[in-house]
Amino acid sequence: MNEYCPACDYKFERAPGYFLGSIYFNYGLTALLLLVTFMPLHWTGRYSGDTLLAIGATFSLLFPLWFFRYARSLWVGFDQYFDPIETQDEPDEETWNDEPDESWRESL
């Protein structure tokens, strides 16, 4: 993963362990999808418990690996929405001075 966004120079990892929150997205969606698919398949009786266990275990191992980077993206978006990083505004035209400040020369 890039350390900074190539478009806006946003630093993705604010502090060590920053992306631990993405685990909640990954685990939550995995559990939700498993619950939504397992229960109806179990109630219909079309598949045995062992078959459903094998399918569920395989899904529980492979889906989080695939969803890993999307969970990180969701975490960055979630964090930016609720705790935005303040950006430095451009200086106004009134305060902007194209001439270099050479007041330091006067002290010599």
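The values are calculated or read from the model by the stated rules, or taken from the named source; none is laboratory data. Because the structure is predicted, anything quoted here is derived from the model rather than measured. Methodologically, a virtual Cβ is constructed for each residue, glycine included, from the backbone with ideal geometry; neighbour enumeration extends over all protein chains shown.
Restricting to the range 2-16, what's the tally of residues that are touching a helix residue (DSSP H, G or I) at 6+ places or on another chain (Cβ under 9 Å) and either loosely packed, with under 10 Cβ neighbours inside 10 Å or hydroxyl-bearing (Ser, Thr, Tyr) (or both)?
Matching residues across the range 2-16 total 1.
Out of 30, 58, I need the residue that is within 28 Å of the chain's Cα centre (by Cα) and closer than 28 Å to residue 78 by Cα. Which one?
Just a single option satisfies the conditions, and that option is 30.
Just for the range 17-38: of the residues that are surrounded by fewer than 11 Cβ atoms within 10 Å (Cβ to Cβ) and modelled with pLDDT of 90 or more, which one is farthest from residue 3 (Cα to Cα)?
Looking at residues that are surrounded by fewer than 11 Cβ atoms within 10 Å (Cβ to Cβ) and modelled with pLDDT of 90 or more, I get 36.
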